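Report on the following structure.
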Amino acid sequence: MPDIKSQTVALIGGGPAALFFFKHITAKKINPRKIIVFEKNSYLGMGMPYGAAGAGREHVANVSANEIPQLVTDIEEFITKNDLADFPDYKNEGKINRDQVIPRLVLGKYLENQFKMLVKSAKNLGIDVEIHLNTTVDDIKSHDDDSFSIITTDDEKFTADVVVLSTGHQWIKSREGGQKGWYDSPYPPSKFTETTNFPVAVKGASLTAVDIIKTLSRLNGHFSEMKNHQLKYTLNDDAQDFRIDLYSLSGLLPALRFHSEDEAFSTEWKMSLKEIYEYKKTHAGFVDLDYVFDINFKKIVAKKDPDFYEEIKDLTIEGFVEKMMKLRKELDSFELFKAEYTEAEKSIRRHQSITWKEALTSFSYAMNYPAKHFSAEDMLRLTKTLMPLISIIIAALPQSSYREIIALYDAGIISLSNVDAESEVEPHNDEGAVYSFKNNEGISHEIFYRMYVDATGQRAMNFNDLPFDGLKKEGLVSSGYLNFKDSQKALELLESGNEMIKKGQNDNFYLQVKGLSINDNFQALDVYGKIRKNLYIMSVAYIGGLNPDYSGLDFCDTAAEIIAESLAHTH
């Protein structure tokens, strides 16, 4: 392909993923002729989570100043130089607590500031940078010379040699807007403006659910400070019947932030491509999940907490999850929540990590990169067994959010129900929804709610969800898949009705996973399995099948670096 210095790169999306792309392009002095950024919002760097599209004043990130990947300037320097009138509690006499989580809108302003600085750096390197805000890309089409046409909703056309999909979160509406009282996501929070003097059903119980809890609780009452930093919640006079009923498959609330060691997210912890391919040579062409769990979890625990390692060293992944979930299942969700808060507070006060939780978080980060090389059997194990525990632990719920939820609980305003996988939510006549489920005792319930909010978080999107018909019709992208080690196992799953098991032309079997097919460099694989060297996919919604833990600034940073290096060597 032509040298990168003669090429135009189009970034479809101008949020955190695009920000880190600029970071690594400029740091490595990889100088394309031109970079065009298309961003549907009126700001850069924030994406959905850190701008008005996904946050209000009440929402906080689950990261502190110490946990943000390195950018041009440190966030503390940015904050000391800028007015934070809307967030007086975060900055005290010009200083911040570096261990304290950051208000999401503050973090968004910082990311926007850094994006602008990186754009300036790119221009200083001689790169022509073109920014199109408030611009939605309608379609992307390829030409015979491997270049692309980017077509916006205003029917403007742009040409690029390389396309990087960095569209970020995507929330597809099913009934929102057509069914009164039905919301397919909590975003943007500004759409919630009225008192809800009635019970509200919320599907989900993790960080996305916490967002809607924060929004609705402030519309219907207020929090007041008590002794020992605890809060009291009081309903407004016109919202005496307000309540939040959470529904979750796990029946568990997210784990809390605790003290982490500095090296918790070191990029050195992931397997290198050389290690991955060397391992595959002697293991039937796959990387084994058990091996990754051993080197990225058990060995870390052995080094940092030998006593706990003795308890788990002989356990399989299934045995470990069963052990860690047993206590969680036995305790009331909110009583467990309180106990974990006490443990987390002690960890922070003593500056001592909770080793197994930190190691599991690190494993989650590290296993993204060999995950594309797992067998279908191992990916099924990971998804069914390990990810439910990981998703609870990596949530890292801030203590301030905990105090609000417990205040609501103490006021009798919030509950959490463990529901079965067959639970359903259906619209009710002209308003609201009916939640149908079986509880732990197997008793069936059908409950009507005037308001229902889906807060299950970003789901991994499928091939058909991709809004760019040009890429799909021309076969430039394809669904993600993994091969089976054991054809008999695949056949059994297929015969049991698993629709994600597909039979290949050579009587082989494979597992179709959510999202699109990509290689180790985040380049798209077309319908023939061929690498499309000038099409990169780092949109979180479309790579979840082959990157099970695919969100967060750390992930954006790592993925962007891999893409930047690929551009330097491929073009």
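If we keep just the residues of the range 479-525 that are more than 30 Å from Thr570 (Cα to Cα) and aliphatic (A, V, I, L, M), which is nearest to the chain's Cα centre (by Cα)?
Met500
Sub-9 Å Cβ pairs linking a first residue in the range 549-571 that is closer than 12 Å to Lys23 by Cα to a second residue that is assigned to a helix (DSSP H, G or I) and hydroxyl-bearing (Ser, Thr, Tyr), at least 6 apart or interchain, are Asp557/Thr267; Thr558/Thr267; Thr558/Tyr365; Glu561/Thr267, ordered by first then second residue.
In contact with a strand residue (DSSP E or B) (Cβ under 6 Å, 6 or more places away or on another chain), open to solvent by 10 Å² or more (accessible area, probe 1.4 Å) and at pLDDT 90 or above, is that true of Val60? Considered against the rule, which asks whether it is in contact with a strand residue (DSSP E or B) (Cβ under 6 Å, 6 or more places away or on another chain), open to solvent by 10 Å² or more (accessible area, probe 1.4 Å) and at pLDDT 90 or above, Val60 comes out as yes. Here the range 268-286 is the region considered, the condition is being under 24 Å from the mean Cα position of the chain (by Cα) and not acidic (Asp, Glu), and the residue that is nearest to Trp356 (Cα to Cα) is Trp269. Would a scan of the range 249-264 turn up a residue that is charged (D, E, K, R), part of a helix (DSSP H, G or I), over 29 Å from Ile447 (Cα atoms) and open to solvent by 10 Å² or more (accessible area, probe 1.4 Å)? Taking every residue of the range 249-264 in turn, at least one turns out to be charged (D, E, K, R), part of a helix (DSSP H, G or I), over 29 Å from Ile447 (Cα atoms) and open to solvent by 10 Å² or more (accessible area, probe 1.4 Å). Being of a type outside the set (S, T, N, Q), touching a strand residue (DSSP E or B) at 6+ places or on another chain (Cβ under 7 Å) and modelled with pLDDT of 90 or more is the requirement here; does Val37 meet it? So Val37 fits the description; yes.
For the range 288-346, how many residues meet the condition of being more than 24 Å from Tyr402 (Cβ to Cβ), surrounded by fewer than 17 Cβ atoms within 10 Å (Cβ to Cβ) and either at pLDDT below 90 or among the basic types (Lys, Arg) (or both)? Count: 5. Considering the range 265-281, the residues that are in a loop (DSSP other than H, G, I, E, B) and not small (Gly, Ala, Ser) include one that is modelled with the lowest pLDDT, namely Lys270. Within the range 345-356, residues that are among the β-branched types (Val, Ile, Thr) sit with their Cβ atoms under 6 Å from residues that are part of a loop (DSSP other than H, G, I, E, B), at 6+ positions apart or across chains, in these pairs: Ile348/His259; Ile354/Phe258; Thr355/Asp305. Residues in the range 470-513 that are part of a strand (DSSP E or B) and among the hydrophobic types (A, V, I, L, M, F, W, C) were compared, and the one that is surrounded by the fewest Cβ atoms within 10 Å (Cβ to Cβ) is Phe509. Restricting to the range 526-539, and then to whatever is among the hydrophobic types (A, V, I, L, M, F, W, C) and surrounded by 21 or more Cβ atoms within 10 Å (Cβ to Cβ), can you tell me which residue is nearest to the chain's Cα centre (by Cα)? Filtering first and then ranking leaves Met538. Regarding the range 549-560, can at least one residue be identified that is open to solvent by 10 Å² or more (accessible area, probe 1.4 Å), within 18 Å of Ile4 (Cα to Cα) and not in a helix (DSSP H, G or I)? The answer is no; no qualifying residue exists.
Among the residues making up the range 420-449, those that are of a type in the set (Gly, Ala, Ser) and touching a strand residue (DSSP E or B) at 6+ places or on another chain (Cβ under 7 Å) are Ser423, Gly432, Ala433, Ser436, Ser444.
Give me the residue from the range 98-110 that is outside any helix (DSSP H, G or I) and open to solvent by less than 60 Å² (accessible area, probe 1.4 Å) and, out of that set, modelled with the lowest pLDDT. Looking at residues that are outside any helix (DSSP H, G or I) and open to solvent by less than 60 Å² (accessible area, probe 1.4 Å), I get Val101. Counting only strands (runs of 3 or more DSSP E) that sit wholly inside the range 347-464, those with at least 1 residues that are open to solvent by 50 Å² or more (accessible area, probe 1.4 Å) and among the aromatic types (Phe, Trp, Tyr) are 444-449.
Being touching a helix residue (DSSP H, G or I) at 6+ places or on another chain (Cβ under 6 Å) and either over 24 Å from Glu377 (Cα atoms) or not β-branched (Val, Ile, Thr) (or both) is the requirement here; does Lys304 meet it? Judged against the criteria, Lys304 is a match.
Could you please let me know if Glu77 is within 21 Å of the chain's Cα centre (by Cα) and surrounded by fewer than 24 Cβ atoms within 10 Å (Cβ to Cβ)?
So Glu77 fails the test.
Do we find that Tyr90 is among the hydroxyl-bearing types (Ser, Thr, Tyr) and either open to solvent by 30 Å² or more (accessible area, probe 1.4 Å) or touching a residue at least 24 places away in the same chain (Cβ under 8 Å) (or both) in this structure? No; evaluated as a whole, the condition is false for this residue. Of all residues in the range 371-392, none are under 28 Å from Leu289 (Cβ atoms) and at pLDDT below 85. Each residue in the range 364-384 was checked for being under 19 Å from the mean Cα position of the chain (by Cα) and more than 17 Å from Glu67 (Cβ to Cβ), and 10 of them qualify.
Please go through the range 284-298 and give me each residue that is in contact with a helix residue (DSSP H, G or I) (Cβ under 9 Å, 6 or more places away or on another chain) and either part of a helix (DSSP H, G or I) or among the aromatic types (Phe, Trp, Tyr) (or both), ordered by number.
Once the filter is applied, which keeps residues that are in contact with a helix residue (DSSP H, G or I) (Cβ under 9 Å, 6 or more places away or on another chain) and either part of a helix (DSSP H, G or I) or among the aromatic types (Phe, Trp, Tyr) (or both), the range 284-298 yields Phe286, Leu289, Asp290, Tyr291, Val292, Phe293, Ile295, Asn296, Phe297, Lys298.
Condition check ((1) under 21 Å from Cys556 (Cα atoms); (2) in a strand (DSSP E or B)) across all residues:
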position: Ala17; (1), (2): yes, no
position: Ile25; (1), (2): yes, no
position: Asn31; (1), (2): yes, no
position: Tyr50; (1), (2): yes, no
position: Gly54; (1), (2): yes, no
position: Glu58; (1), (2): no, no
position: Ala61; (1), (2): yes, yes
position: Val72; (1), (2): yes, no
position: Asp83; (1), (2): no, no
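The values are calculated or read from the model by the stated rules, or taken from the named source; none is laboratory data. From a predicted model like this one, the values you see are computed outputs, not experimental measurements. Because the Cβ atoms are built from the backbone with ideal geometry, glycine has one as well, and the counts that use them run over all protein chains shown. Just the protein is used for accessible areas: all its heavy atoms, side chains included, with ligands, DNA and RNA removed. Shrake-Rupley method; radii C 1.70, N 1.55, O 1.52, S 1.80 Å.
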